[in-house]
1. As a footprinting exposure proxy, order Leu69, Leu101, Leu45 by other Cβ within 10 Å, with the fewest listed first.
2. For Leu101, what is the net charge nearby, where nearby means another residue's Cβ is under 12 Å from its Cβ and Lys, Arg count +1, Asp, Glu -1?
3. Excluding Ala40 itself, calculate the net charge of residues whose Cβ lies under 12 Å from the Cβ of Ala40, where each Lys or Arg counts +1 and each Asp or Glu counts -1.
4. If we count other beta carbons within 10 Å of each Cβ, what is the order of Asp94, Asp47, fewest first?
5. Can you put Val42, Val48, Val26, Val55 in order, fewest other beta carbons within 10 Å first?
6. Does the range 26-100 classify as rounded, prolate or oblate by the C-alpha gyration tensor (a ≥ b ≥ c root eigenvalues; a/c under 1.5 gives rounded; else a/b over b/c gives prolate, otherwise oblate)?
7. Sequence gap at least 6, Cα distance under 8 Å: using those rules, report the relative contact order of the range 20-108 to the nearest whole percent.
Amino acid sequence: MSYMNSQFRSVKPALIEQRQAYRHPVHIQRTAIRQHGETAKVGELIDVSIYGCRVASDSMITEGSRIWLRFEGSSPITATAIWCKDGHIGCRFDETLDQTLFRSLTLISE
């Protein structure tokens, strides 16, 4: 009977960080973001981990969209837009970021 009463209760978001890895804050202004079939837009890399990143951009990206990212000195990286809010896009990389590229991105911002 208690299941029936709790079945429709709303659940608040978790208070703990649920990412697989810590996102390192960076500030790289030369970032390109592009959806399939569209021209690349300029963005700014805000934070990055080997699994994903957050990009500030005024481009209109919808959640779940497949995107291509190009950071300073990198080849295009495929990702999925997990969330989009207030000019920021949370992205999950299709493959983990190469350690050499990750290290160079985090060293650039220091």
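Coordinate-derived values only; no laboratory data. Given the structure is predicted, the values throughout are model-derived calculations rather than measurements. Positions of Cβ are generated from backbone atoms using ideal geometry, with glycine treated the same way; all protein chains shown enter the neighbour counts.
1. Values: Leu69 21, Leu101 17, Leu45 25.
Fewest to most other Cβ atoms nearby, the residues stand as Leu101, Leu69, Leu45.
2. On the way: positive: Arg70, Arg103; negative: Glu72, Glu95, Asp98.
Around Leu101, the charge tally is -1.
3. Details: positive: Arg30, Arg34, Lys41, Arg70; negative: Glu38.
In short, +3.
4. Numbers: Asp94 10, Asp47 18.
Lowest count first: Asp94, Asp47.
5. On the way: Val42 12, Val48 25, Val26 20, Val55 28.
Lowest to highest Cβ neighbour count: Val42, Val26, Val48, Val55.
6. Details: a/c = 1.30, a/b = 1.24, b/c = 1.05.
Because its axes are fairly even, with a/c under 1.5, the range 26-100 counts as rounded.
7. Working: 204 pairs, mean separation 24.3, N = 89.
With pairs under 8 Å counted, the relative contact order is 27 percent.
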